[in-house]
Amino acid sequence: MSTHAEDLKLRLMTVELLRTAKRQHTYRELSSKTGLPVTVLSRYAKGHVLPNVARARKLWKTLKKMVGLEIELHRKIDFNSDGYFDNTHIISDYNILRQAAHHALATFAGKRVTKVLTAAVDGIPLATMVANQLGIDLVIAKWNKEVGVPAFLEETYVLRDSGVTMTLYIPKNSIRRKDSVLIVDDMIKTGETQNALINLTRKAKAEISGIFTLIAIGEDWKKTLNLPKGSSVEVVTKVTPPARRS
């Protein structure tokens, strides 16, 4: 995807977020938060003019704290007594996935990303939307080999505190040396699956542009990830899990 196309998408989705904010706040309130005149905000919201790229990035960062994805995610996260929550209503919510794809574009636009990589199965809806928004191909790491694929790259790891061994597979030529890979997942907790995806990318001799995830639970995952220097982790919202009942 060209830089011009990325910039245009960013400017358009910032206007969309501004219109969402306008349904909940007055122009005067928005002006106070963004530092932009009411007349300028009104022209943007009415579609008379688009903000330039620099202003769109700044406006996006301010507006997303007032409305949109993070607030919606917190509204839907509800832990049970064992410290788990049901993510079904998050990964199946088109509005959340669309906003998340916009968020990924705003974060990674301008950076070199040629492939999106995720693990089956819960990360697939989000990764599909992100890949579509970035205009690049999606690679899905699966838990078994598919008949018809001649060769695979694989990564085996042990789930923490379980003694269970897991293996992820991707078709050997799905990621190439020239690629720069964005790893996408709906949630990160221990970081083991995401680290396996990092290792798969390394085995393909490709670059890792970063990790994008909706929800990070706790801080343990930071100790697990073995990201190369210069790669970033973008987390939409962080939550602290409740203590489990004994």
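Here, each number is a calculation from the coordinates, and none is a lab measurement. Not measured: the values here are computed from a predicted model. No Cβ is skipped: glycine too gets one built from the backbone with ideal geometry, and neighbour counts run over all protein chains shown.
Per residue, the convex hull spanned by the Cα atoms of the stretch 79-239 measures out at 121 cubic angstrom.
Using the average count of surrounding beta-carbon atoms within 10 Å as a protection proxy, the listed peptides 190-201, 13-24 rank, highest first, as 190-201, 13-24.
Among the listed pairs 9/223; 64/205; 64/145; 46/222; 178/222, those whose Cα-Cα separation exceeds 32 Å are 9/223; 64/205; 64/145; 46/222.
Taking 25 Å as R0, compute the FRET efficiency from the Cβ-Cβ separation of residue 176 and residue 223 and round it to 0.05. Computed FRET efficiency for residue 176 and residue 223 comes out at 0.25. For the stretch 1-143, taking Cα atoms only, Rg and Dmax work out to 16.9, 54 Å respectively.
Between residue 132 and residue 205, the modelled labels are 3.5 nm apart [label points 7 Å from Cα along Cα→Cβ].
3J(HN,Hα) along the stretch 204-217, derived from phi through the Karplus expression 6.51 cos²θ - 1.76 cosθ + 1.60 where θ = phi - 60°, amounts to 7, 6, 9, 7, 10, 7, x, 10, 10, 9, 6, 10, 10, 9 Hz, with x in place of Gly and Pro.
Computed log10 I(q)/I(0) for the stretch 3-67 at 0.11, 0.22, 0.24, 0.27 Å⁻¹: -0.20, -0.83, -0.99, -1.26, from the Debye equation with unit scatterers placed on every C-alpha and solvent omitted.
Taken over the stretch 143-222, the alpha-carbon convex hull comes to 94 cubic angstrom per residue.
With a threshold of 19 Å on the Cα-Cα distance, the over-threshold entries among 65/238; 76/115; 33/65 are 76/115. Judged by the mean number of other Cβ atoms found within 10 Å, the most tightly packed of the peptides 207-219, 91-103 leads the ranking 207-219, 91-103.
Separation of the stretch 86-115 and the stretch 214-246, taken as the distance between their Cα centroids, equals 17 angstrom. A Förster radius of 25 Å, combined with the Cβ-Cβ distance separating residue 98 from residue 157, puts the computed FRET efficiency at roughly 0.20.
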